[in-house]
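Enquirer: Before I ask anything, here is the structure I am working with.
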Amino acid sequence: MPAWSGFDVSSQLRGLLAGHGVQLPPPASAAISPYDILRFILIACPQLAGRAEAEVAAYEVRAAAAARPAVGIRNLLQGPAQVSIIGNACPAAIRSYLARLYPRERDRVRLVIARLGADPAILEPTPIPVLQAAQLLGVPPSVCAVVASTPADIRSARLASARAIGYACDPATRQRLTAAGAEAATPSITGLAGSAHLAAALIAARRRAGGWQAWPSARR
């Protein structure tokens, strides 16, 4: 677990808004996810977009430097499936995470679709990253399987007409993922390693409840 949490990032973004006399609306004021606040800033305060994006990216890079290996990811990368990573995190954070923890396997990642700049349209839930991944891989979205740990990510996959597999350790969260449209839910990435049909994997980029981290740790 990184030494900082999503609350720290959210507090930083709240402070940025407060310094410019901007208050979050009631639905967003209780949100703990930094991505929720970032989306609000990108849409409502474009003059602060660049700074907010830079602050979130800096925290993501710090998270990548502190994150631990995720159970099952190495097996997945070494398996027969073509694996890609889609996430809300910035490219530098995702690539440094792979380089540090999976140096021998990172070349097996076909594609990385990350957050590029301050564009609210590409923050989940949206089918755009999944559609981009399928296009770049040269396959229809319907033959891709998206592995996601949040209902929003499941909905993104379904909006793109991709298959959706929920990933969560606790049964209650798996039920929520199934209710959001996941065809199946698993408590372990290891079980996916042998799937020859896994053309695109979305390794959850965020957690809305509890803490927040950009990648799975031993939980995820």
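The values are calculated or read from the model by the stated rules, or taken from the named source; none is laboratory data. Source: prediction; values computed, not measured. Counting neighbours? That spans all protein chains shown, and the Cβs are built from the backbone with ideal geometry, glycine included. For the accessible areas, the whole protein counts, side chains as well, though only heavy atoms, and no ligand, DNA or RNA atoms are used. Shrake-Rupley method; radii C 1.70, N 1.55, O 1.52, S 1.80 Å.
Enquirer: Working only within the stretch 157-173, note down all residues that are in contact with a helix residue (DSSP H, G or I) (Cβ under 6 Å, 6 or more places away or on another chain) and either of a type in the set (Lys, Arg) or surrounded by fewer than 21 Cβ atoms within 10 Å (Cβ to Cβ) (or both).
Expert: SER161, the sole residue that qualifies.
Enquirer: Report whether or not TYR35 is open to solvent by 10 Å² or more (accessible area, probe 1.4 Å) and either part of a helix (DSSP H, G or I) or modelled with pLDDT of 90 or more (or both). Even if it seems obvious, please write down each step before you answer.
Expert: Values: open to solvent by 10 Å² or more (accessible area, probe 1.4 Å): no; either part of a helix (DSSP H, G or I) or modelled with pLDDT of 90 or more (or both): yes.
Here the answer is no, as TYR35 does not meet what is asked.
Enquirer: Out of the residues in the stretch 38-48 meeting the condition of being surrounded by fewer than 17 Cβ atoms within 10 Å (Cβ to Cβ) and of a type in the set (A, V, I, L, M, F, W, C), tell me which one is nearest to PRO125 (Cα to Cα). If you could, list the steps in order and put the result at the bottom.
Expert: Step one: filter the stretch 38-48 for residues surrounded by fewer than 17 Cβ atoms within 10 Å (Cβ to Cβ), giving 43-47.
In the following step, the residues that additionally are of a type in the set (A, V, I, L, M, F, W, C) were identified as 43-45.
Working: ILE43: 15, ALA44: 18, CYS45: 20 Å.
Among residues in the stretch 38-48 that are surrounded by fewer than 17 Cβ atoms within 10 Å (Cβ to Cβ) and of a type in the set (A, V, I, L, M, F, W, C), the one nearest to PRO125 (Cα to Cα) is ILE43.
Enquirer: Inspect all residues belonging to the stretch 49-69 and state whether any of them is closer than 21 Å to CYS144 by Cα, under 14 Å from the mean Cα position of the chain (by Cα) and surrounded by 15 or more Cβ atoms within 10 Å (Cβ to Cβ). Give the steps one after another, and end with the answer.
Expert: Of the residues in the stretch 49-69, the ones closer than 21 Å to CYS144 by Cα are none.
Looking for residues that are closer than 21 Å to CYS144 by Cα, under 14 Å from the mean Cα position of the chain (by Cα) and surrounded by 15 or more Cβ atoms within 10 Å (Cβ to Cβ), one finds none in the stretch 49-69, hence no.
Enquirer: Something else: Filter the stretch 55-75 for residues that are more than 21 Å from ARG104 (Cα to Cα) and of a type outside the set (A, V, I, L, M, F, W, C) and give the result.
Expert: Correct list: GLU55, TYR59, GLU60, ARG62.
Enquirer: Mind listing whichever residues of the stretch 142-153 are polar (S, T, N, Q) and open to solvent by 10 Å² or more (accessible area, probe 1.4 Å)?
Expert: First, the residues of the stretch 142-153 that are polar (S, T, N, Q): 142, 149-150.
Residue satisfying the conditions is SER142 alone.
Enquirer: Scanning for something modelled with pLDDT under 85, assigned to a helix (DSSP H, G or I) and open to solvent by less than 70 Å² (accessible area, probe 1.4 Å), does the stretch 85-100 turn up at least one residue?
Expert: No.
Table: residues versus (1) open to solvent by less than 40 Å² (accessible area, probe 1.4 Å); (2) in contact with a strand residue (DSSP E or B) (Cβ under 7 Å, 6 or more places away or on another chain); (3) at pLDDT 55 or above.
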position	(1), (2), (3)
PRO140	no, no, yes
ARG155	no, no, yes
GLN175	no, no, yes
GLU183	no, yes, yes
ALA200	yes, yes, no
ILE203	yes, yes, no
ALA218	no, no, no
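Enquirer: Output the residue which, of all residues in the stretch 105-121 that are surrounded by fewer than 17 Cβ atoms within 10 Å (Cβ to Cβ) and closer than 18 Å to THR190 by Cβ, is modelled with the lowest pLDDT.
Expert: Across the stretch 105-121, the extreme among qualifying residues is ARG108.
Enquirer: With the checklist (1) touching a strand residue (DSSP E or B) at 6+ places or on another chain (Cβ under 7 Å); (2) over 30 Å from CYS45 (Cβ atoms); (3) of a type outside the set (Ser, Thr, Tyr) in hand, flag the one item VAL130 doesn't pass.
Expert: Of the numbered conditions (1) touching a strand residue (DSSP E or B) at 6+ places or on another chain (Cβ under 7 Å); (2) over 30 Å from CYS45 (Cβ atoms); (3) of a type outside the set (Ser, Thr, Tyr), the odd one out for VAL130 is (2).
Enquirer: Now a separate question. Please go through (1) under 20 Å from THR186 (Cβ atoms); (2) surrounded by fewer than 17 Cβ atoms within 10 Å (Cβ to Cβ); (3) of a type in the set (Val, Ile, Thr) for THR126 and return the number of the only condition it doesn't satisfy.
Expert: Every listed condition holds for THR126 apart from (1).
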